[in-house]
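Right, one structure below, let's go through it.
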Amino acid sequence: MEMNAYSSTNEDSRKNNRRIWFDWIQLIAAILIPIIIAVYTVVDNKSNESIADANRRSDLKIAEDNRLNENQLSEQSRKEDRALSIDQQEENILLQYQTFLSRLILEQGNYLQKSSEAKIVAQFMTLTALDQLNVNRKRILLRSLHHANLINFLKTEKSFNSSIVNLEQADLSHIQFGLSSNRIDKLPMYQYIDWNYLWLPRTILAN
């Protein structure tokens, strides 16, 4: 009888202990679960904020890169437009000069050498055009004058060496003169002007 009572007491004690542990576990869980949820919420919010901030920085960088690219493309386009505009302007100047020169030769003919007024006009128009052209177009202009015998050696009553068009002080830098056998690059022969026949006193012939 005593054994049964002792066994029953032990069983009740174990049940009480299990109940106590279970209550503690429930209490701890009741305390920890809200804390875990709160911590997770904070961490998740921070993570989302970090991702959003990284996305904003990435978007700003992309926008800045796009803006810089657009500015570079716009500047490049403006430079190309300016270059094309200058090139077209020079081409028009050369064409206008060649038209003027052709008309002058047709109108004056053999009298051009004797007309001081015509020579002054030719000199003014030629120097004005030369000041506005690049090296390649200057070469074309000079070849036109050379073929028309307007800047070649010319013997007159007053002077042994003279030319119809005076190019004094004209800037002829970087223009290729001379025979093709003396050329320093690979320009075709027709682009060279035979210096043996040119009369260019006091012109600028650098390089």
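The values are calculated or read from the model by the stated rules, or taken from the named source; none is laboratory data. Since the structure is predicted, the reported quantities are computational estimates derived from the model, not experimental observations. Glycine also receives a Cβ, built like all others from the backbone with ideal geometry; neighbour counts cover every protein chain displayed. Surface accessibility is based on the protein's heavy atoms, side chains included, excluding ligands, DNA and RNA. Shrake-Rupley method; radii C 1.70, N 1.55, O 1.52, S 1.80 Å.
For region 126-134, the condition of being of a type in the set (Asp, Glu), out of contact with any helix residue (DSSP H, G or I) (no Cβ under 7 Å at 6 or more places or on another chain) and assigned to a helix (DSSP H, G or I) holds for at least one residue. Please verify whether Leu133 is open to solvent by less than 20 Å² (accessible area, probe 1.4 Å) and modelled with pLDDT of 85 or more, treating the condition exactly as stated. It is true that Leu133 is open to solvent by less than 20 Å² (accessible area, probe 1.4 Å) and modelled with pLDDT of 85 or more.
Tell me the residue from Glu70, Glu90, Glu80, Glu75 that is in contact (Cβ under 8 Å) with a residue 40 or more places away in the chain, acidic (Asp, Glu) and surrounded by 10 or more Cβ atoms within 10 Å (Cβ to Cβ), please. Working first, answer last.
Values: Glu70 fails: in contact (Cβ under 8 Å) with a residue 40 or more places away in the chain; Glu80 fails: in contact (Cβ under 8 Å) with a residue 40 or more places away in the chain; Glu75 fails: in contact (Cβ under 8 Å) with a residue 40 or more places away in the chain.
Selected residue: Glu90, the only one of Glu70, Glu90, Glu80, Glu75 that is in contact (Cβ under 8 Å) with a residue 40 or more places away in the chain, acidic (Asp, Glu) and surrounded by 10 or more Cβ atoms within 10 Å (Cβ to Cβ).
Please work out if Asp59 is more than 30 Å from Leu127 (Cα to Cα) and open to solvent by 90 Å² or more (accessible area, probe 1.4 Å). Answer is yes for this residue.
Selection of region 150-172 for residues being open to solvent by 20 Å² or more (accessible area, probe 1.4 Å) and either modelled with pLDDT of 85 or more or of a type in the set (Val, Ile, Thr) (or both) yields Thr156, Ile164, Asn166, Glu168, Gln169, Asp171.
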